[in-house]
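Structure first, then comments.
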Amino acid sequence: MDIDLFEQLQKEGTISAASAEKVRTITTSRLFSVHWELKTILYLGVLLLSGGLGILIYKNIDTIGHQAILLAIALACGGCFYYSFRHKLPFSREKVPAPNSFFDYILLLGCLLLVTFITYLQVQYNVFGTRYGAATFIPMLVLFFSAYYFDHLGVLSMAVTNLAAWMGVTVTPLQLLSNNDFSSYTLIYTGLVLGALLIVAALLSHRLQFKAHFSFTYSNFGTHIFLIANLAGMFAAYDGPYGLWFLLLVAATIFFYSQAMKQRSFYFVLIITLYAYIGLSFIVVRLLMATGSEGGIYAGLLYFIMSGIGAIILLINVNKKLKTA
């Protein structure tokens, strides 16, 4: 509420002094919402609790024992899921609110403990042997089920992350991961496929109206993963057919931009513009370097100045268009 406006109206005689005083009283006694502050503190509390337990276990592993630690994690995880099953609201294709203030955090803690339990089993007892895909596939299924059954966006993000880990471990030879060879085309193609699958999941969620509010999470992960993999393909093909990768980037940019405009999402327009700008700049710098002349350096500096201004103007105009649409 603009208190200065009411004071100005009082001076002009439009409203009485008593009315202006009532407005001041309402403004000074207005409640301040701390909803998001409390949610942030509770989420941080869950993360700090899981991290603190990990540090405690690490420092006292010799005195506690592995079996006791696994039992404690299993009991805590089971307790969290038991609470979630007891207090959940009936399942629905639409968004289901949390039954109480602590439900989301207890479920998130249970999922974190589940991942910790399976990781501990694999590291300490090598339960899955060299089948590392199984070690990520099992929690992935549980996380996706929990995300849909309990309607939890945080758990859905964990499930998508686990899906990415499972695809990376399953498709990619182990030596590539151990050598940190992230320029491998195997990883790049895996990223493209994963990004495309997540985009399809987002479109289906929205079209089928089955947990349609999950579509943003799928789109967010899918857009970033696909475009990052696309740029990685361009950079890896530095002396090869990088132009083909650029054409793929152009096609992806057009598609993602059209979807962002349909959703009226400036966030997606922004990230798409940034990825497209990086790809275009790579092509321009590559061509200027091929000239081998000193003028190419000045042309490159001029390009970055002019293109940066152009990108800002574009984003401002698109933002205005989205607000007025």
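How large, in percent, is the carbon and sulfur part of the accessible surface of the stretch 184-325 at a probe radius of 1.4 Å?
Looking at the stretch 184-325 in its full context, I get 76 percent from C and S.
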Item checked: Spatial extent of the stretch 77-144: Rg and Dmax, with the Cα atoms as the point set, Å -> 14.5, 42
Item checked: Label point distance in nm, residue 224-residue 87, each placed 7 Å from Cα along Cα→Cβ -> 2.9 nm
Next item on the list: Find how much the distance from residue 209 to residue 197 grows on full extension, using 0.36 nm per residue of separation minus their present alpha carbon separation; answer in nm with one decimal.
Entry: 2.6 nm
Check: R0 = 45 Å: FRET efficiency of residue 138 with residue 294, Cβ-based, nearest 0.05?
Finding: 0.15
Notebook entry, point to check: Which FRET efficiency, nearest 0.05, do residue 131 and residue 270 yield, Cβ-Cβ r, R0 30 Å?
Noted result: 0.15
Checklist line | Euclidean distance between Cα centres, the stretch 87-110 to the stretch 302-325, Å | finding: 41 Å
Check: How about the stretch 235-314: which trypsin sites (Lys or Arg not before Pro) there are in a DSSP loop, with at most 14 other Cβ atoms within 10 Å of their Cβ?
Finding: 264
Notebook entry, point to check: Using 0.36 nm per residue, how much length does the chain from residue 186 to residue 313 gain when fully extended, once their Cα-Cα distance is taken away?
Noted result: 41.9 nm
Checklist line | Net lengthening on full extension, residue 284/residue 123 (0.36 nm per residue, minus Cα-Cα) | finding: 53.3 nm
Check: Considering only the other residues whose Cβ falls under 14 Å of the Cβ of residue 300, what net charge follows from Lys and Arg at +1 and Asp and Glu at -1?
Finding: 0
Notebook entry, point to check: Taking only the alpha-carbon positions of the stretch 285-325 and ignoring solvent, what does the Debye formula give for the base-10 log of I(q)/I(0) at q = 0.23, 0.25, 0.28, 0.29 Å⁻¹?
Noted result: -0.71, -0.77, -0.86, -0.88
Next item on the list: Starting with the highest mean, order 199-206, 94-101 by the number of other Cβ atoms within 10 Å, averaged over the residues of each peptide.
Entry: 199-206, 94-101
Notebook entry, point to check: With each pseudo-label sitting 7 Å past Cα toward Cβ, what's the residue 40-residue 100 distance in nm, one decimal?
Noted result: 2.6 nm
Notebook entry, point to check: Simple spin-label model, 7 Å along Cα-to-Cβ: residue 321 to residue 16 in nm?
Noted result: 5.3 nm
Item checked: P(r), alpha carbons of the stretch 34-167 - 5 Å bins starting at zero, rounded % -> 2, 10, 18, 21, 20, 15, 9, 4, 1, 0
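The values are calculated or read from the model by the stated rules, or taken from the named source; none is laboratory data. From a predicted model like this one, the values you see are computed outputs, not experimental measurements. Every residue, glycine among them, receives a Cβ derived from its backbone with ideal geometry; neighbour counts consider all protein chains shown. When the accessible area is computed, the model is the full protein with side chains, heavy atoms only, and any ligands, DNA or RNA have been set aside. Shrake-Rupley method; radii C 1.70, N 1.55, O 1.52, S 1.80 Å.
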